[in-house]
Structures are given as C-alpha cells and as structure tokens.
Amino acid sequence: MDKTYQPEQIESRWYERWEADNRFAPSGQGEPYSIMIPPPNVTGSLHMGHAFQDTIMDTLIRWRRMQGRNTLWQVGTDHAGIATQMLVERKVAAEEGKSRHDLGRETFIDKVWEWKHESGDHITRQLRRMGASVDWSRERFTMDDGFYKAVQEVFVRLHEEDLIYRGKRLVNWDPTLHTAISDLEVENRDQQGQFWHFRYPLTDGVKTEAGHDHLVVATTRPETLLGDTGVAVNPEDPRYASLVGKFVELPLVGRRIPIVADEHADMDKGSGCVKVTPAHDFNDYEVGRRQDLPLINVFTQDAAILERAEAFDIQGRPLPDIDPTLPEAYAGLDRFEARKRIVADMEAAGLLEQVETVSNTLPYGDRSGDVIEPLLTDQWFVAVESLAKPAIEAVEKGDIQFVPKNYENMYFSWMRDLQDWCISRQLWWGHRIPAWYDAEGNVFVARSEAEARDKYGLPEDLELAQDEDVLDTWFSSGLWTFGTLGWPEHTEELATFHPSSVLVTGFDIIFFWVARMIMLTCKFTGEVPFKQVYVHGLIRDGQGQKMSKSKGNVLDPIDLIDGIDLDSLVEKRTGSLMQPQKAQAIAKATRAEFPEGIEPHGTDALRFTFLSQATTGRDIKFDMGRLDGYRNFCNKLWNASRYVLMNAEGQDTGLGDAPVELSLADRWIVSRLQQTEAQVTRAMEEFRFDHASQALYEFVWNEYCDWYLELSKPVLWDDNASAEAKRGTRRTLVRVLEAILRLAHPMMPYISEEIWQRVAPLAGVEGESIMVQPWPQAEDDKIDATATHDIEWLKGVIVAVRNIRAEMNIAPGKPLDVHLAKCDQEDLRRYIQNHRFLMKLAKLNSIAPLDESKEAPLSATQLVGDMEVLVPMADLIDKEAELQRLAKEIDKQEKLIGGIEKKLGNENFVAKAPEAVVEKERGKLQEYQAARNLLVEQRDKIAAL
RNA sequence: AGGACCAUAGCUCAGUUGGUUAGAGCGCCACGUUGACAUCGUGGAGGUCGGCGGUUCAAAUCCGCCUGGUCCUACCA
C-alpha cells in the first residue's frame, strides 16, 4: 500500500468494477427495499444538493443491501420542460441566430432530443463519481416510451372521471416564455412601487356624500384601468351606500361601469373605493364572479395593449354586446410603457389626485425573471379536491411519515387549501396533451387520435388537430414511483418494489413534487408512493449564504473531490456571469477564501462530510474544515490498515486450529466494537447520519488507532510474548479492522472496498466485494465489562504520567520510574496484568506498587480513582511547578465539592429527588473529598521541603 | 399579519425521556521526528448554553415573554 491515501487512484477503478459485476441490481432475495431517485434535470449538472442527497440515498441503499435486503435504487432523469426548452432555445439562438419559431416545432423538438443525447450523460457520469449504486440497467427518462404511455393513461382516466377539465381562467402568465406557470413557480419579490390615486367621474349627475362628482380609486397598475368593469365599495360603508347601483365613467375609455357593494373593498384603505379588473387580477376575478361583472382582457400574450379588448363572462363565453374599443393611442404598447402614458393622460385630464411611493411585492417567474401577468387563457386543470383527501389521510394515518415530523404540518396546511392545478403549458418540449379538436373546437380526449375517433364515433374524414400544449413537468414526475416500475402494466417490479421505502428530498419541492406524487399515486395504484419522506435542508456556503452563480460562491462537488487550482476556480466562478461587473469582487473573495485553490479530497471524504453534517430539517453550512478533517480521517484509516497489514500479512492470524490467547486489550476492543456496531445501526435506522458517522469516527480514531494499535505493539514486538498471544492479537487486529470496513462501507464505499480486499483474507473472510458482505451485527456476549474497566484504568495511569510529564516539562521520551500508591486488590491485579503495556505506552524505566510501610519519595502525583500515580521528583521535577499544579488540582476538586455540598445541604433535594440520584451525589462527594485530601497531603509534603 | 425552524467554545455542529465535571472536529498555545500516519502524536487554554421571567429539590433541556437570524404562507385595490 502507498504511504498516503490517494483517492483518485482507487475510486474510478472500483466503480467500474462494481458496475461491470452488476452489483447494483436487485439481488432478488430478501425483503424488498427501494428508493426512487428524485430525477435530476436531464441536461443539468450535479450540484451540492444532488451530491448530498445522493450520498444519503447511497448510504441507505448500501447499508440495506448489506443487511440482505432486496434493494432497488431506481435511477432516471427528468425532461424538465421549461428549463430544458430555454436552454436549447438559447443555444440555438447563439449558434444559429434563430428562434424556435424559425425552426418550427418538429425541428426544434429534434434539436432538444439531440441535445439530450449529447449532454444527458453528463449528470449520470457525475452520479457515478459520487459512488451511487443505482441500478443503471433500469435507467428511465420521464419522456421515454413507457412514461409516455403512463402519462396518457393517467390523463385520459382523470378526464373520464371529470377530474381534468379545460376552461378559460385567470392564470399566472409569463409574458417572456409565453406560457402559463403554476403558483409555485412564481417568486414574490419586495419592491418600491408607486401608488396612483385616480378620479373616476360619476355619471348622471350623481354626487358623493361629501359632494364630489367623482370617486377616487388607487392602483399600482394603471394600465389595467382599460379593463375595469366596476368599482367596488364596502357594503357597510355609509359614505357610498347611496351610490351602489349607480355608475362611473371609466376615464380614457368612456365605458359606463357599475358601482357594486363587495366585501373586498376595505373601508379603512384609501378612499374605500376599489377599481375592479376581473381579467387582470386574482382578487378582482373573484369580485367579478360574485358581482357578475364581465371580464375584459386588454393584453396580448406579450403583455402589450390590445387594439380591441376581449370580453367574456365568468364561464369564459364571449360577450359580443360589450364594446371592445380601446383608445388607439395605447394599442401595441408594452404594459410598462402603457402605464406611463396612461398616468400622463390621466394627469392631463385632471384625474390624477395623488401619487404615493409604497413598498409592495411583485410576482416574478422563477425561470424567466419576468414580471408575471394574471391573464385570461384557455388551460387544462386537475380538480384536486377529491385527490387531496386520500393524500391527506395517508399522512394522518401514518402510512407516510415525514422525517422530521414537523414537515407534516407544512404539508397539511398546503393540502387543505389547494387550488386546482393548471397542468397545461404553452411549450413545445414535454408530453403533448392527448386531446384533439375538430374545426368547431369540440374536444376529444383519448390515448391516441385513432382511439379518439373510435371512442367518440367520429367519421374517418373529420379533420382533427391535437392540442398544441404540453403538460407541466410535474405531471409526469408525479408518476415517478410507479411509472418507473412499468405501470400501467402489472409488472413483477411494481408488485415487489412499490410502495418505495423512503423518499429523500429537499423541503423546497414538497409542494411541487411530493404532494402531487402522493395524490396521483394514491389515485392510480391505491398505494402510497413511499412509506417515509426524509426531508433535508439546503446546502449553503460556509457563511450560510445560498450558493448561486450570481453570488459567485458555488462549490462544485466534483472540484471538492478532484481538487481545482485557484485560477480555474476563479475562472469558473466569474466566467459566465449575468452581471459581469461583479466579477472582480467574486474573484477577490474567491482568492481570499481559497488562496491555494482546492485540494483533492476524494469522494469518500466528501460523502463523510455530508453525512456528518446531515442533521434533518435545517439548512447546512458546508464546512471546508470538516472536509479536510474527514480526508485526514480517510488517511488515518488507510495508515492504520497499513500497520495491520505489515504486522499480519504472511503471519499467523489465528485462522487455523493453533491455540489463541486474547489479551485484555483484545477483549476490550472487541467489546467496544460491539457497542459501536449497535450505535451505528441505530443511528442509521433513525436517519441520524451525523451520529452514525461520528460513532464510526470516534471508534476508529480514538479507540482503535489511538489505543488499540498502540496496545498491540507490546505484544507483537515483544520477543517474550507467547505465540498464542501474538496470534490472538493479530487475529483481533484483522477481525476488528474487517468489521470497521464493513461498518464504514455505506458511508465510504471506495476506501473500504480497497482495504477490505487485502484485509478480508487475513480475517478468513471470502467474497468478491465488500458490497455484498453482511452488515456487522453487535453480539452482546462479546461485551466485556471487566475488560472495559481494566482498560479505563490502564488509560488512566498512562494519561496521568503523560500529564505529569507535560506539566513538569519532562521530555516525552525520558524513561521514568513510577510508583503506584494506595493500591487495592483490583489495582494490584490490573498492575500485574498490564505491566508490559504500562512500561511501553508510558515510556517507563520501571513501575511498581509502593511499599506502604516505607515513606514515599517526594513525587508529583496524579489520581486514578483512589490510587495515586507517583513520579518521584528526584532532580527532574520543579518544586514550584508541582505546587502550582497541585494548587490547580485542589482548586478544581474544591469547586466540585462545594457544588455537591450545596446540593446535599438542600433538604428539599434530599427529600424529593429519587434515592438513586441522592446516592449518586453522595458517592461523588466522597470521591472528590478523598481526591482533595490526597492532593492536600501531597502539597503539604512538598511545601514543607 | 399568521406559522415554522434556529440561537451551545473564535468557526461548523452534537447534546436522546430534566440529574454529565456541557462534548466533538477545525482553529489557537506548548512540547514532540527511528519502527502505520506531520493528512501525525502528547498536553493545554477557551463556554454565566441569546436575554428576562416561570415550573421544579434540580433547567442547555419544559413553559411564557423579549431580542436576533433563516424560511414558508398570506396581504399589499
């Protein structure tokens, strides 16, 4: 083995080997355990969130696989409608200078597929780098043939049950992308805005109570004035009670619009009058519905002003009687330009009463960054009410459990207030809606055009045109857990692996994805999609900032694995910025944070870092310090293994029939191993990967390496030690290491496999890969309390001597003569059994119990229980230093004693606390007092010198 | 406006049902190279557990209020 751990040399080699040996596919044996990967965007690349999530899933899958479960980790990618379409549109624009409309639908779609084939394996390659043991043979894509079939099936069936319908509704419209988007894709941002107060003249000579001939309405969106169909006042408002049923004249347009009484108008806000624009505002839409006001749309799909308005009733039927005329001056103007002109014209007409500056929030499309416009369009909707009910019950009944549990409340509160889901998108890339229209606009929904003709009895020669729209990406990914398993066919896989065991996902897509998956899956399979949902937080940078391209603080997991030099990193972060003026600041910050670039750390270290930071339900500040630390941990494990191999390879490791003798240390480490195994297993069961990784870390470093390996040396290197003892120690060294590797494997797959290959034969374990070895199982009968106490004693004595050395400035290597005083029988036994270890580990010249009949030499003293460890002062100890040290020790004990005396002096405590607690305190008091007395005695002796 | 989560060492975080001398890693200080590892070893310093109040014999832990932070939902005519 190399002297230092070099991950890059082992990682790709092992992954290829595992994949070639088909280690990732289900074994076909044991209780099924399955995870469906949240499908990443097909043309995306792996970010820290993926890497984190994949680490958790892989750890779970590898662990369950070792436990003998029939594991399936289903892999695949998502077609990601908007994201992918935009990407390819930009690419085509850059390379060919053409828009998608120049190419036409078919050619453009071909381009997208081309791009998918070209770049679709990028993220899957990265997934391999992470060590993800997904079953590649079952890889799926949300637009492959099987998915196409499942999507058609679901759409048609929902339509047949009237759970999908089409209608003219107000939706969130993205004027840049020319598509509807869902509420969830809208991001609300705070802004400084203006608030214009306009006068709307009353008609027919009517006046207000205050004697005005106009009403005042205020708006942040003057351009929607053109579509106003009413003015609302509160029904309780005395100021306007007499005006209800009267009219105002809509300025600039000249339309007569009614004054209606509606609760939407807030008496305390502004004048108490509200303009109502049902076709351009969600609240007004509701007012329009209640008050039976017409809907007048004044915008094009680009959110520019129409030449002629379009009027509808609330059902979406055209209203030909309404005059659609709009002022010519605004026709074709963009909404923001129109706003300026309308404000100017109102002012010129003397109808602008006041302008206020206010802060408000504006809706933005999370993809386009454009301001979203509520727009009246024809769309397809899923009626969610009946689907939501079983989906809520599934969580209430505990068929689905969220980890951590508090996300259930978030889920419930959202599910109880669901709006119908707009599923049509005016895009080209995606599942085209399986609906056909005849020339009259009649709609026929079926799995294919042929089926439509058949189903609706349409003549052969009737011309049909398929709906131009595609489905929301989340409609297809909502079918992920069962669509990937062959539904609607009744496949073997579906029967075996559905419901899946656990979904690992971020809280940010609970609404987008998780909730919809639950609804659709319950509906179509009668089963929940998964039994548990492990919800994790966002990976943030070291300062707690969200990682984003524009901030220039993005870390690429692959760079953490392979390392990257500073210049490349700076280039990567500043290369393709939307705001190039930030480049300098980003470069500076990057150079300050990573003056040497990023060193390679390897996949295992990165995975271990994620796991150690994986506390549920809160965001994670990624800690580079930990990454370094766990790379060092890998190195530690590597070197410990080198030591073991150096001492065991070619030697008798106790595999044969020859007698074996186990030392105290051997029994102790085996005992501690059992406890660690139990701890790690329990932590995994509870999704506490931080505890699992820490338990392993502590055992490996603080016990196996720091103590056990050191304790093995006196046996292995002592010519006087028996063959039986050497055999026993070698056997233990190897066996414990072999178990450590299995315990580590789900978390650190590469290094564990690499080392295991060499260690396993020495431990008498056969097998081709650690992947299919059994998960370590704690055996209670190997827990040895005596050995544990004895080793604690041994450590105590050694630490005592080290302590004296450090505080007395005695060279670490200088051999000392040590005495043990006030020994009881146990101390003597331990002394005898551990003589060899004490001599070696404490670097002693001699050690012996003190003859109590004689005066003890003047010494520096440390306590181990009631026993004293004495290092004679002779000429090597500084009197003042020792007095100081003793004073410090005595002070410490006094404080402890004071605390306990106070507690025991409290009658209430003695009376009310459980007996055991009181007894424990009394015991501690005695212990501290004894210690204090010994130290004082010692101090007095030295002081008297 | 409503709700959720968080606040523990300089930094990143553990701390299970109230009873521990409140822990780990990194960083810091001192010392240390023959025999696995300087990506290391040994020893050490560092915390009134955000603040105030309450419950209790006992509070980092339970309750209330406050402050600060993150996020979600809603509203903003």
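The packing ranking, built from the mean of other Cβ atoms within 10 Å per residue, places the peptides A:477-487, A:571-581 in the order A:477-487, A:571-581, highest first. With both labels modelled 7 Å from their Cα along Cα-to-Cβ, the A:Val206 to A:Asp652 distance reads 11.0 nm. Taking a quarter of the surface of the Cα convex hull of segment A:648-754 gives a mean projected area of 7.1 nm².
Here the sum of -39500 (n - 2.57) over DSSP H runs of 4 or more residues, divided by the residues of chain A, equals -14000 deg cm²/dmol at 222 nm, to the nearest 500. Look at the dipole of chain A built from charges on Cβ: of A:Met578, A:Ala725, A:Tyr148, the Cα furthest out on the positive end belongs to A:Ala725.
Listed values for segment A:519-525 are Karplus-derived 3J(HN,Hα) couplings in whole Hz (6.51 cos²θ - 1.76 cosθ + 1.60, θ = phi - 60°), namely 4, 5, 5, 4, 5, 9, 10, and x replaces Gly and Pro. Summing Lys and Arg as +1 and Asp and Glu as -1 over all other residues whose Cβ lies under 9 Å from the Cβ of A:Thr484 gives a net charge of +1.
Highest-first packing order for the peptide set A:648-656, A:259-267, A:203-211 is A:259-267, A:648-656, A:203-211, based on the mean count of other beta carbon atoms within 10 Å. For segment A:802-909, carbon and sulfur atoms together expose 50% of the accessible surface, with a 1.4 angstrom probe and every protein chain in place. Between A:Glu356 and A:Asp781, the distance separating the two model label sites (each 7 Å from Cα on the Cα→Cβ line) works out to 8.2 nm.
Can you find, among A:Val869, A:Ile164, A:Tyr330, the residue farthest towards the positive end of the dipole of chain A? Put +1 on the C-beta of Lys and Arg, -1 on that of Asp and Glu. Working it through, the farthest residue towards the positive pole turns out to be A:Val869. Net charge in the neighbourhood of A:Asn639 (other residues with Cβ under 11 Å of its Cβ; Lys, Arg +1, Asp, Glu -1) is +2.
Three semi-axes describe the equivalent ellipsoid of segment A:1-133; taken as square roots of 5 times the Cα gyration tensor eigenvalues and ordered largest first, they are 36, 19, 12 Å.
Of all aspartates and glutamates in the structure, the ones whose alpha carbon falls short of 12 Å from that of A:Lys621, not counting any fewer than 8 places away in one chain, are A:Asp541. Our analysis of segment A:453-564 gives Rg over Rh at 1.17, with the two radii drawn from alpha carbon positions and Rh computed by the Kirkwood formula. Once backbone amide H atoms are built at 1.01 Å from N, A:Leu72 has A:Tyr33, A:Ser34, A:Ile35 as its partners under 5 Å, excluding neighbours fewer than 5 places away on the same chain. When you restrict to C-alpha pairs under 8 Å that are six or more residues apart and normalise by the size of segment A:678-768, the relative contact order lands at 21 percent.
Please report, to two decimal places, log10 I(q)/I(0) for segment A:296-408 at q = 0.14, 0.23 Å⁻¹ as given by the Debye formula with identical point scatterers on the Cα atoms and no solvent. Each listed q corresponds, in turn, to -0.85, -1.31. If you take all other residues with their beta carbon under 11 Å from the beta carbon of A:Cys705, and give Lys and Arg +1 and Asp and Glu -1, the sum is -3.
Note on chain A: dipole from Cβ charges, positive end direction compared against A:Ala465, A:Trp775, A:Ala348; the farthest Cα belongs to A:Trp775.
Compactness of segment A:577-704 was expressed as the Cα radius of gyration divided by 2.2 N^0.38 Å, which yields 1.51. Each peptide in A:367-380, A:160-173 receives the mean, over its residues, of other Cβ atoms within 10 Å, and ordering these scores from highest gives A:367-380, A:160-173. Every Cα-Cα pair of segment A:859-905 was included, and the share exceeding 11 Å stands at 72 percent.
Give the Debye-formula value of log10 I(q)/I(0) at each listed q (0.09, 0.10 Å⁻¹), with one equal scatterer per alpha carbon of chain A, two decimals each. Ignoring solvent entirely, the Cα scatterers give -1.07, -1.21.
Stokes-Einstein diffusion of segment A:197-243 at 20 °C, 1.002 mPa s viscosity, Kirkwood radius from Cα pairs, rounded to a whole number: 182 µm²/s. Its Cα centre serving as origin, segment A:231-299 has a Cβ charge dipole (Lys and Arg +1, Asp and Glu -1) of approximately 320 debye.
Under a model in which nothing but the beta-carbon of Lys, Arg (+1) and Asp, Glu (-1) is charged, chain A shows a dipole of about 2720 debye around its Cα centre. For A:Lys389, the lysines whose Cα comes closer than 30 Å to its Cα, not counting residues fewer than 8 places off in the same chain, are A:Lys149, A:Lys168, A:Lys397, A:Lys405, A:Lys523, A:Lys531.
Here segment A:412-475 is treated as a sphere whose radius is the Kirkwood value from Cα pairs; by Stokes-Einstein at 20 °C and 1.002 mPa s it diffuses with a coefficient of 160 µm²/s. Dipole check for segment A:154-241: with +1 at the C-beta of Lys and Arg, -1 at the C-beta of Asp and Glu, and the Cα centre as origin, the magnitude is about 220 Debye.
With contacts taken as Cα pairs under 8 Å at a separation of at least 6 residues, chain A carries a relative contact order of 11 percent. What the Cβ-Cβ distance of A:His264 and A:Glu114 gives, at R0 = 56 Å and to the nearest 0.05, is a FRET efficiency of 0.65. At a 1.4 Å probe, what is the % contribution of carbon and sulfur to the accessible area of segment A:650-692? Answer for segment A:650-692 is 44 percent, counting heavy atoms of protein chains only. Probing with 1.4 Å while keeping every protein chain in the model, the per residue accessible area of chain A equals 44 Å².
The values are calculated or read from the model by the stated rules, or taken from the named source; none is laboratory data. Predicted model, so just to flag it, every value in this text is computed and none were measured. As a convention, Cβ positions derive from the backbone with ideal geometry for all residues, glycine included, and neighbour counts pool all protein chains shown. The protein model used for the area step is the full one, side chains on, heavy atoms only, and it has no ligands, DNA or RNA in it. Shrake-Rupley method; radii C 1.70, N 1.55, O 1.52, S 1.80 Å.
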